[in-house]
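Participant: Structure incoming, see below.
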Amino acid sequence: MSEQAIEQPSRTRVRIVHLADHTGKLQVIFPYDSMLDMASLSRLTKRRFDPIANYNIEGDPLVKPNACSTIIDSSLLSHDIIELRTSAQHSYKEFTQEEFCSRFQGPLARYENIAIPLSSIDKPVHDIDQDAQQMQTALGKFQSMRLKQRLEETLEIPPLPASSHRIIQLCSNEHAGTDDLCDVISLDPSLSAQVISWASSPYYGVRGEIESVEEAIIRVLGFDMVMNLALGLSMGSALQLPKNGPRHYEDFWFSSVSHAVLMEELVRKMQSDRPRLGHAYLSGLLHNFGYLAIAVVLPPHFGILSRYIEANAHLPSDIIEMQTLHFTKEQLGAWLLKHWGLPESIYTAVRYSRTEDYDGPFSKLAQLLQLCHQLFNDQEPDESLLSTLGLSASDAKQSHHKVISSSSELSKMVDLISGSK
């Protein structure tokens, strides 16, 4: 007689988020492997809630049952065991479905469909050549107008600064030298000052003053670095940081600069098959450029995206973008950089910076960006990724520690981009 397989109880871990509007607060409880659907909440409550915490990855503490209005995702009723914790400081505790439901029996609690399972959310197309079609189809859903055939006709693309055009042209000139680069940068006095100030930053620890772009190239940064740095700085003026973004994105440029210098550190530690240092730096500086592009070309939808990002801080941004926009900021950012004529290595690295299995052209740059994301999110570096890059875990962590330890110097460099000083 064969033994019957013992059916394992279904279990799920839940996430708690606190929301509020001008009339009161709301506690929502939903599976951790789902996305909180802010649109469903608005339809159910006829109210527009925003998260109370600006970026809470761990989740909010559980408010005492029946102390405030609580909406629980109906899918939790289909699980035998529900893992819950009362605060980020406590460990998860198991409750049977009966025990869980008994905690929320009062008049202030109800069950509704408020979450979207991650398994039902589409993924971006894998081929960069299909990005334009996927984005065009998504934009067609947003607009009542007839779908246009070309993405650049649908989007109002901001013009690229003249200095960026000149530097891009210089990038394609194999015979360009220091004098050519100095001549191009000197046409923009503000850009010249930024490059000199950057090279003079305590982060690079150079003795004596840097008085010219030529000195910045020869003594500190090198030709490739200055060319790509100048390009990134000039492009920073093309798209302004939005005022209605997620509150944690106030540090957008700090994140960009931190990624850039970490990319630089990691490339220096690679033993072989190194990408060009300047391209690594620029990839880091522009890795999140699609975020600004969404804000500029799709302002109403950017506001919706921002609310979803804050409410679902436990999820990678590309998942939230696919659900709300039907494309990712990496797709739009790479498309825009390509449209502006940047080197293929840069926009390809940006496009695949969150694609774990990418092994196509310029994969090393994309993989370095993946490693940067892991380090800045306090994740343990992936061993296979480190092996592919020829880096050790200690190399990666030491590089990250150096960048984090230099935050005050990096903040001064950020001021050069944002125009704060």
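The values are calculated or read from the model by the stated rules, or taken from the named source; none is laboratory data. Everything quoted here is computed from the prediction, not taken from an experiment. A quick note on method: Cβ atoms are made from the backbone with ideal geometry, for glycine too, and the neighbour counts reach across all protein chains shown. Note: areas computed on protein heavy atoms with side chains; ligands, DNA, RNA excluded. Shrake-Rupley method; radii C 1.70, N 1.55, O 1.52, S 1.80 Å.
Participant: How about region 286-333: which of its residues are in contact with an Asp or Glu (Cβ under 7 Å, 6 or more places away or on another chain), among the aliphatic types (A, V, I, L, M) and in contact (Cβ under 8 Å) with a residue 24 or more places away in the chain?
Facilitator: Listed by number, the residues that qualify are Val297, Met322.
Participant: Continuing with this model, one more query. Checking the structure you have, find out if any residue of region 314-330 is of a type in the set (A, V, I, L, M), touching a Gly at 6+ places or on another chain (Cβ under 7 Å) and at pLDDT 90 or above. First the steps, then the outcome.
Facilitator: Pass one, region 314-330, residues of a type in the set (A, V, I, L, M): 315, 319-320, 322, 325.
Then keep just the ones that are touching a Gly at 6+ places or on another chain (Cβ under 7 Å); that gives none.
Taking every residue of region 314-330 in turn, none turns out to be of a type in the set (A, V, I, L, M), touching a Gly at 6+ places or on another chain (Cβ under 7 Å) and at pLDDT 90 or above.
Participant: Report yes if Gly284 is open to solvent by less than 10 Å² (accessible area, probe 1.4 Å) and more than 20 Å from Asp318 (Cα to Cα), otherwise no.
Facilitator: Details: open to solvent by less than 10 Å² (accessible area, probe 1.4 Å): yes; more than 20 Å from Asp318 (Cα to Cα): no.
Considered against the rule, which asks whether it is open to solvent by less than 10 Å² (accessible area, probe 1.4 Å) and more than 20 Å from Asp318 (Cα to Cα), Gly284 comes out as no.
Participant: Let me ask something else. Please state which of the following conditions Ser172 fails to meet, knowing it meets all the rest: (1) farther than 20 Å from Leu262 by Cα; (2) modelled with pLDDT under 85; (3) crowded, with 18+ Cβ neighbours inside 10 Å.
Facilitator: Just one mismatch for Ser172, condition (3).
Participant: Tell me which of these Thr355 doesn't satisfy, since it passes every other one: (1) touching a Ser or Thr at 6+ places or on another chain (Cβ under 8 Å); (2) more than 26 Å from Ser201 (Cα to Cα).
Facilitator: Only one criterion is unmet by Thr355, namely (1).
Participant: Residues that are of a type in the set (A, V, I, L, M) and open to solvent by 20 Å² or more (accessible area, probe 1.4 Å): which helices (runs of 4 or more DSSP H) entirely in region 321-421 hold 2 or more of them? Show your work before the answer.
Facilitator: Numbers: elements: 329-339, 344-351, 363-376, 383-389, 393-405, 407-418.
Qualifying helices (runs of 4 or more DSSP H): 393-405, 407-418.
Participant: Looking only at region 55-112, filter to residues that are of a type in the set (Ser, Thr, Tyr) and within 30 Å of the chain's Cα centre (by Cα); which one of those is surrounded by the most Cβ atoms within 10 Å (Cβ to Cβ)?
Facilitator: Going residue by residue through region 55-112, those that are of a type in the set (Ser, Thr, Tyr) are 55, 69-70, 74-75, 78, 86-87, 91-92, 96, 102, 111.
So of that shortlist, the ones also within 30 Å of the chain's Cα centre (by Cα) come out as 55, 75, 86-87, 91-92.
Numbers: Tyr55: 12, Ser75: 16, Thr86: 14, Ser87: 11, Ser91: 7, Tyr92: 13.
The extreme case among them is Ser75.
Participant: Would you say Gln130 is more than 19 Å from Val296 (Cα to Cα) and at pLDDT 75 or above? Reasoning before the result, please.
Facilitator: Details: more than 19 Å from Val296 (Cα to Cα): yes; at pLDDT 75 or above: yes.
When the stated conditions are applied, Gln130 passes them.
Participant: Something else about it: Scan region 274-320 for residues that are within 22 Å of Tyr55 (Cβ to Cβ), out of contact with any Ser or Thr (no Cβ under 7 Å at 6 or more places or on another chain) and outside any helix (DSSP H, G or I) and jot them down.
Facilitator: Residues satisfying the conditions are Leu298, Asn312, Ala313, His314, Leu315, Pro316.
Participant: Another question about this same structure. Of these, Val226, Val267, which one is modelled with pLDDT of 85 or more, within 19 Å of Ser200 (Cα to Cα) and buried (at least 18 other Cβ atoms within 10 Å of the Cβ)?
Facilitator: Details: Val267 fails: within 19 Å of Ser200 (Cα to Cα).
Only one candidate qualifies: Val226.
Participant: Where in region 10-54 are there strands (runs of 3 or more DSSP E), lying wholly inside it, with at least 3 residues that are open to solvent by less than 50 Å² (accessible area, probe 1.4 Å) and over 13 Å from Tyr308 (Cβ atoms)?
Facilitator: Working: elements: 11-21, 24-31, 34-36.
Here the list reads 11-21, 24-31.
Participant: Given the criterion modelled with pLDDT under 85, open to solvent by 50 Å² or more (accessible area, probe 1.4 Å) and assigned to a helix (DSSP H, G or I), identify the matching residue among Ser190, Ser197, Ser164. Talk me through it step by step, then tell me what you get.
Facilitator: Working: Ser197 fails: modelled with pLDDT under 85; Ser164 fails: open to solvent by 50 Å² or more (accessible area, probe 1.4 Å).
Criteria check complete, one pass: Ser190.
Participant: Can you run down the residue pairs with Cβ atoms below 6 Å, 6 or more apart or on separate chains, where the first is in region 115-132 and open to solvent by less than 90 Å² (accessible area, probe 1.4 Å) and the partner is hydrophobic (A, V, I, L, M, F, W, C) and not in a helix (DSSP H, G or I)?
Facilitator: Ala115/Phe30; Ala115/Leu36; Ile116/Met35
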